[in-house]
Amino acid sequence: MLVVDSTVWIDYFNGVDTPQVEFLNRALERTPILVGDLILTEVLQGFRHEADFVTARRLLTRFTQAQMVNPALAVQSAHNYRLLRKKSITVRKTIDNLIATYCIENDHELLHNDSDFDGYEKHLGLMVVHP
């Protein structure tokens, strides 16, 4: 299953043309997509206008929804963060740490446009789509 990070969804909804958005456009009708609760929050909280919020919410709920965090994943996420810190890699956002760990633990691919995920791919086996 493909997890699409908020960095890609935000570009998608703002009409920004990136390789990731182009990949997402092709994948929308033919690839199973998972929208986690953390990503749903990050994307929806950015809308200023109610109509845009409602439209995005309607679109995102077409896909498989998942709760991404539980106590076991939180502990594994902290472990992963610490492993990367030992390699002098600092992840700037806790939410990215949780998303990366969720994808690793559930064997999901991640489509993103955020360098915070690079260490997870290089050192922890995060499967990343490179359009």
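Could you tell me whether any residue of the stretch 77-94 is aromatic (Phe, Trp, Tyr), touching a strand residue (DSSP E or B) at 6+ places or on another chain (Cβ under 9 Å) and farther than 20 Å from Phe13 by Cα? Quick ask: steps written out before the conclusion?
Of the residues in the stretch 77-94, the ones aromatic (Phe, Trp, Tyr) are 81.
Of the ones still in play, those that are also touching a strand residue (DSSP E or B) at 6+ places or on another chain (Cβ under 9 Å) are none.
The answer is no, given that none of the residues of the stretch 77-94 is aromatic (Phe, Trp, Tyr), touching a strand residue (DSSP E or B) at 6+ places or on another chain (Cβ under 9 Å) and farther than 20 Å from Phe13 by Cα.
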> Taking Leu110, is it surrounded by 15 or more Cβ atoms within 10 Å (Cβ to Cβ) and either within 12 Å of the chain's Cα centre (by Cα) or of a type in the set (A, V, I, L, M, F, W, C) (or both)?
Replying inline: yes
>> Looking at (1) closer than 27 Å to Arg26 by Cβ; (2) not in a helix (DSSP H, G or I), which one does Asp116 not meet, given that it meets all the others?
In response: (2)
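Show me the strands (runs of 3 or more DSSP E) entirely contained within the stretch 1-75 in which 1 or more residues are touching a His at 6+ places or on another chain (Cβ under 6 Å) and touching a residue at least 40 places away in the same chain (Cβ under 8 Å). So that I can check it myself, show each step before the final result.
Working: elements: 2-4, 33-36, 64-66.
In the stretch 1-75, 2-4 are the strands (runs of 3 or more DSSP E) which contain 1 or more residues that are touching a His at 6+ places or on another chain (Cβ under 6 Å) and touching a residue at least 40 places away in the same chain (Cβ under 8 Å).
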>> Can you tell me which of (1) at pLDDT 95 or above; (2) surrounded by fewer than 15 Cβ atoms within 10 Å (Cβ to Cβ); (3) farther than 21 Å from Gly125 by Cα; (4) of a type in the set (S, T, N, Q) is the one Thr31 doesn't meet?
In response: (2)
> Which is of a type outside the set (Phe, Trp, Tyr), in contact with a strand residue (DSSP E or B) (Cβ under 9 Å, 6 or more places away or on another chain) and exposed (fewer than 15 other Cβ atoms within 10 Å of the Cβ), of Asp52, Asp37?
Replying inline: Asp37
> Which of the residues spanning the stretch 52-99 are within 17 Å of the chain's Cα centre (by Cα) and charged (D, E, K, R)?
Replying inline: Arg57, Arg62, Arg92, Lys93, Asp96
>> Among (1) under 13 Å from the mean Cα position of the chain (by Cα); (2) among the small types (Gly, Ala, Ser); (3) over 20 Å from His130 (Cα atoms), there is one condition Ser115 misses while meeting the rest; what is its number?
In response: (3)
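The values are calculated or read from the model by the stated rules, or taken from the named source; none is laboratory data. Bear in mind that the values here come from a model prediction, so they are computed numbers and not experimental data. Virtual Cβ from ideal backbone geometry, glycine too; neighbours counted across all protein chains shown.
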